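The values are calculated or read from the model by the stated rules, or taken from the named source; none is laboratory data. A quick note: this is a predicted structure, and the numbers were derived from the prediction, not measured. Cβ: placed from backbone, ideal geometry, glycine included. Neighbour counts: every protein chain shown. We work out accessible area using only protein heavy atoms, side chains counted, and drop any ligands, DNA or RNA first. Shrake-Rupley method; radii C 1.70, N 1.55, O 1.52, S 1.80 Å.
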There are 2 protein chains.
Amino acid sequence: MPLPQTEIPGRLQAYFSERGIRMTQQRRAILQVMETASKHLDAAQILRKAKKIDPSVDRSTVYRTLKLLKRNGLIDELDLMHIHGEGHYYERKVNRDHIHMACLRCGKIMEFVSDIFENLKQQVEKDCRFKIMVSRLEIGGYCTACRAQQ
Amino acid sequence: MPLPQTEIPGRLQAYFSERGIRMTQQRRAILQVMETASKHLDAAQILRKAKKIDPSVDRSTVYRTLKLLKRNGLIDELDLMHIHGEGHYYERKVNRDHIHMACLRCGKIMEFVSDIFENLKQQVEKDCRFKIMVSRLEIGGYCTACRAQQ
DNA sequence: ACGCTTATTGCAATCCGTCGCATCTAGCAC
DNA sequence: GTGCTAGATGCGACGGATTGCAATAAGCGT
Ligand SMILES: [Mn+2]
Ligand SMILES: [Mn+2]
Ligand SMILES: [Zn+2]
Ligand SMILES: [Zn+2]
């Protein structure tokens with residue numbers, strides 16, 4: 001216990017303690033990784049980063065914690081159109097939903113916020129009488145640069 | 001060779017011969033499964049069904065053929081919000097794109113066709129100057145029935 | 001501070017998808 | 001029909017993700 005772990009708990013840790021979800025050294029490490037990630041980490045990257053904080057973190061704990069975060073709507077799970085293999089990517093859920101676009105040629109990932117997307121979700125809730133908890137729109141295609149060079 | 005295999009080739013088989021893609025006994029079986037599927041089969045189900053038509057079909061051939069079909073835009077790959085495990089589901093691509101909704105409580109999968117979805121894709125193509133090849137909108141939440149019984 | 005209870009963890013076994021390689025076969029030229 | 005050749009297949013090995021289980025530790029009551 002080198003440092004007082006309670007300072008700057010971060011939003012994810014705060015959510016855990018509010019909800020009475022048990023906090024462990026391993027979870028603290030994984031949460032910190034997710035909090036500070038610039039974006040779109042896969043499980044292997046998360047494990048590697050978490051091990052740097054707490055070397056005892058095991059692969060299975062990473063998966064279990066990701067599942068927990070997902071269940072609580074704190075992270076989103078993405079395929080990114082499986083551009084780089086079959087695995088999944090994770091990112092901290094932010095205020096506004098965004099669309100992910102993946103270029104099938106150069107592999108670049110782009111994000112896009114759209115009011116029409118919000119309208120669409122409202123339509124689904126109304127017309128299908130379906131209460132939306134999580135949504136994911138992924139698009140594969142060709143980015144401007146790649147279209148230019150054919 | 002009990003039956004003449006060339007009759008009623010089906011659209012997928014037709015596409016293959018038009019494009020000069022080699023047709024094998026194993027592919028014929030897998031394509032037949034995809035053609036006749038009512039919907040949303042995972043790889044294990046596809047393998048089992050294909051084996052009934054041609055017992056020699058191997059797991060790896062199923063995956064390789066699914067990848068081929070995907071590359072050619074003939075099938076869509078879905079997560080269905082990972083309601084039943086982490087695997088993927090496959091369905092024959094039809095004329096109009098549709099949204100998939102998965103009930104987090106009863107597991108029911110619903111489909112929905114929406115003009116607003118089409119508008120949204122047009123917006124992405126225009127505003128992001130991105131050429132869309134494939135898109136996938138999946139929504140998790142609660143269906144009418146499950147909302148009723150809370 | 002200490003002990004109790006129960007959720008969480010690491011580990012090993014297992015399951016599922018992928019890949020390299022030797023063999024086989026579809027499709028074509030004759 | 002026969003033989004040729006590139007492409008496809010089955011098989012086995014591999015690597016990533018999941019799960020059961022015994023050991024561990026978080027958090028609470030005292
Ligand atoms: Mn996926
Ligand atoms: Mn569908
Ligand atoms: Zn690109
Ligand atoms: Zn339901």
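Computed with a 1.4 Å probe over protein heavy atoms only, the accessible area of A:His100 comes to about 10 Å².
Placing unit charges on the Cβ atoms only, positive for Lys and Arg and negative for Asp and Glu, gives the protein assembly as shown a dipole magnitude near 620 debye about its Cα centre. Extension gain, B:Asn95-B:Gln45: 0.36 nm per intervening residue step, less the Cα-Cα distance, totals 15.6 nm.
Chain B residue nearest by beta-carbon to the axis mapping B to A, with distance in Å: B:Leu137, 2.
In whole percents, the pair-distance distribution calculated for the protein assembly as shown from its alpha-carbon pairs, binned every 20 Å from zero, is 28, 54, 17, 1. Per-residue surface analysis assigns B:Lys70 an accessible area of about 60 Å², computed on protein heavy atoms at 1.4 Å probe radius.
Here is how far apart the A:Pro55 label points are across copies: 5.4 nm, shortest first, using a point 7 Å from Cα toward Cβ.
In chain B, if the dipole is taken from +1 on Lys/Arg beta carbons and -1 on Asp/Glu beta carbons about the Cα centre, which of B:Val124, B:Gln25, B:His98 is farthest to the positive end? Most positive-ward Cα: B:Gln25. Its DSSP H runs of at least 4 residues, each contributing -39,500 (n - 2.57), put the calculated 222 nm mean residue ellipticity of chain A at -12500 deg cm²/dmol, to the nearest 500.
Note down the relative contact order for the range B:33-113 as a percent, whole number, built from C-alpha pairs under 8 angstrom at least six residues apart.
Details: 91 pairs, mean separation 21.4, N = 81.
That works out to 26 percent.
For B:Arg129 and B:Glu35, the difference between the fully extended length at 0.36 nm per residue and the C-alpha to C-alpha distance is 30.4 nm. Counting only other chain Cβ atoms within 10 Å of each residue's Cβ, the peptide A:76-89 averages 2. Diagonalising the gyration tensor over the Cα atoms of chain B and scaling each eigenvalue by 5 before taking the square root yields semi-axes of 31, 22, 13 Å, largest first.
Rolling a 1.4 Å probe over the protein heavy atoms of the range B:11-148, with every protein chain left in place, gives an accessible area that is 46 percent carbon and sulfur.
Using a 10 Å cut-off around each Cβ of peptide A:94-103, what is the average number of partner chain Cβ atoms that fall inside?
Numbers: counts 0, 0, 0, 0, 0, 7, 1, 5, 2, 3.
Mean partner-chain Cβ count within 10 Å for A:94-103: 2.
Most tightly packed first, judged by the mean number of other beta-carbon atoms within 10 Å of their residues, the peptides A:17-28, A:46-57 read A:46-57, A:17-28.
By the rule of a C-alpha distance below 26 Å, with chain neighbours fewer than 8 residues away ignored, the lysines paired with A:Lys67 are A:Lys39, A:Lys49, A:Lys51, A:Lys52, A:Lys93, A:Lys121, A:Lys131, B:Lys108.
Top to bottom by accessible area (1.4 Å), largest first, where do A:Ile139, B:Ile132, A:Ile109 land?
Values: A:Ile139 0, B:Ile132 25, A:Ile109 50 Å².
Ranking A:Ile139, B:Ile132, A:Ile109 by accessible area, largest first, yields A:Ile109, B:Ile132, A:Ile139.
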